[in-house]
Amino acid sequence: MTAFSLEPAQLAWCAELRTLAAERLHPLADKGEPGHVNRALVAELGSLGLLGRLFTSGALDLCLMRESLAYACTEAETALALQGLGAHPVHAYGTEAQRARWLPRVTAGTAIAAFALSEPGAGSDAAALELRAEADASQADRSSDVAQAGRSWDVAQAGRSSDAPVLTAAPDGPARWRLTGEKCWISNAPEADFYTVFARTTPGAGARGVTAFLVPADRPGLTGRGLDMLSPHPIGALDFDAVPVTADDVLGEADRGFRVAMGTLNLFRPSVGAFAVGMAQAALDATLAHTAGRDAFGGKLRDLQAVSHQVAEMALRTEAARLMVHAAASAYDRGDPDVPRRSAMAKLLATETAQYVVDTAVQLHGARALQRGHLLEHLYREVRAPRIYEGASEVQRGIIAKELYARQEAR
């Protein structure tokens, strides 16, 4: 198989997923409450074995799942993607104990995961995170007598300011921190069962001073509230009031959490593009049916060159986006070195394409497409956010340019 074709078995699997989404997932999605986690829908994704595939399949399979589900049920697609986004850091960087506690419940659909990166002042600029992870006062207050307490403070690590010590070990237990600050625009918040939280452990160190923590939702000091957004998905803000975490909650290494975030995003960015392609294809198919059957000006809408050319452009852009998504996912699965550039290109092209295709579909349908409950009214609200989350389109262009210039300098 190449990046530009799918095997018959893969095509059959995609068709099966679209059928499952339409017949078993869409009815559950309709029963959900907008702005809240639909646990029945997540549980059904688990019973169908789709959540388990998040951790056993490659990037291309993830893209095929997301596109196929998005075509028939965007709510199911989003529920699946959010489980993957929130739990992938546990799967890829977690300890055996962390994985054993949470991953079986995530794959069964009985535990809701969330990826808590964005903040009110640090959305696209993830390296500007301000959520603080400060040494626990119960340890810090005793740090003046280092020998007696048996504690060590690492103040000499490269890239760390000497006035910002970080507790690294304690003989009577793991290092402890308190998380203080806010996260915002977090999908599945505040209803998730656990969060992958990115916090600053070293002030002034940029991306090098961020640590990823696995934070169960029942930790004291952690509260949240829902946000009323354009799309119907559960999105909220989280408040951290000295929330306790220890070294046992760290995902990966302390001060290396940015690697966890970027490793997760490099996998999921092409699949955001797949989500967008699924929506674009649904809008295109609806437009084909509408323009072929709609009487206008003594014929069918499709007989008007201005209409047929727009439909052709919609199809052209959708297929180009799909091919780039498949190419990026295949590059990820092969372990190619240019994954960040390809992932950024795939997400950028696919999300911008979907916006164009859905908007054009609305225009060709006319006022009926703006009526509440119409497929295109639904897609019109859904299609806007992917151009922002997991790195806005402008950020993707920056990544692409940076990678291009780095490659030129390396020649």
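Please treat every number below as a calculation from the coordinates, not as lab data. All values derive from a computational prediction rather than experimental measurement. So basically every Cβ, Gly included, is an ideal-geometry build from the backbone, and we count neighbours across all protein chains shown.
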Net +/- balance of residues flanking Ala70 in space, Cβ distance below 9 Å, scoring K and R +1, D and E -1: -2
In order through the stretch 106-116: 3J(HN,Hα) via Karplus (6.51 cos²θ - 1.76 cosθ + 1.60), integer Hz, x for Gly, Pro: 5, 5, 7, x, 9, 10, 9, 9, 8, 10, 9
Karplus-derived 3J(HN,Hα), 6.51/-1.76/1.60, for each residue of the stretch 365-381, Hz, glycine and proline x: 7, x, 4, 4, 6, 8, 6, 4, x, 6, 3, 6, 4, 5, 5, 4, 6
Set of aspartates and glutamates with alpha-carbon distance to Lys183 below 13 Å, sequence-local pairs under 8 removed: Glu119, Glu130, Asp239, Asp241
R0 of 22 Å, Cβ-Cβ distance Ala410-Arg259: FRET efficiency to nearest 0.05: 0.60
Other-chain or far-sequence residues with amide H under 5 Å of Ile112's (modelled H): Asp193, Phe194
Over the stretch 260-410, relative contact order from alpha-carbon pairs under 8 Å, at least 6 apart, %: 31 percent
Distant-in-sequence amide H partners of Leu227 (H built 1.01 Å from N, under 5 Å): Ile235, Gly236, Ala237
Paramagnetic label zone (point 7 Å from Cα along Cα-to-C-beta, Asp125; backbone N under 18 Å) in the stretch 240-265: 258
Computed over the chain: relative contact order in percent, which uses C-alpha pairs under 8 Å that are six or more apart: 16 percent
Mean Cβ neighbour count within 10 Å, used as a protection proxy, ranking 257-266, 47-56 highest first: 257-266, 47-56
Where trypsin sites (Lys or Arg not before Pro) fall in DSSP loop in the stretch 279-379, at most 10 other Cβ within 10 Å: Arg372
Angle in degrees between helix 8-20 and the longest Cα principal axis of the chain, rounded to the nearest 10: 90 degrees
Unit Cα scatterers, Debye sum, the chain: log10 I(q)/I(0) for q = 0.06, 0.10, 0.11, 0.12 Å⁻¹: -0.27, -0.70, -0.83, -0.96
Neighbour net charge for Leu227 - beta-carbon separation under 14 angstrom, K R +1, D E -1: -3
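Just check the stretch 8-108 against the gyration tensor rule for me: Cα atoms, a ≥ b ≥ c as the square roots of the eigenvalues, rounded for a/c under 1.5, and otherwise prolate or oblate depending on whether a/b exceeds b/c.
Cα axes put the stretch 8-108 in the oblate bin.
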Fraction in percent of alpha-carbon pairs per bin - 10 Å, the stretch 340-407: 22, 39, 24, 13, 4
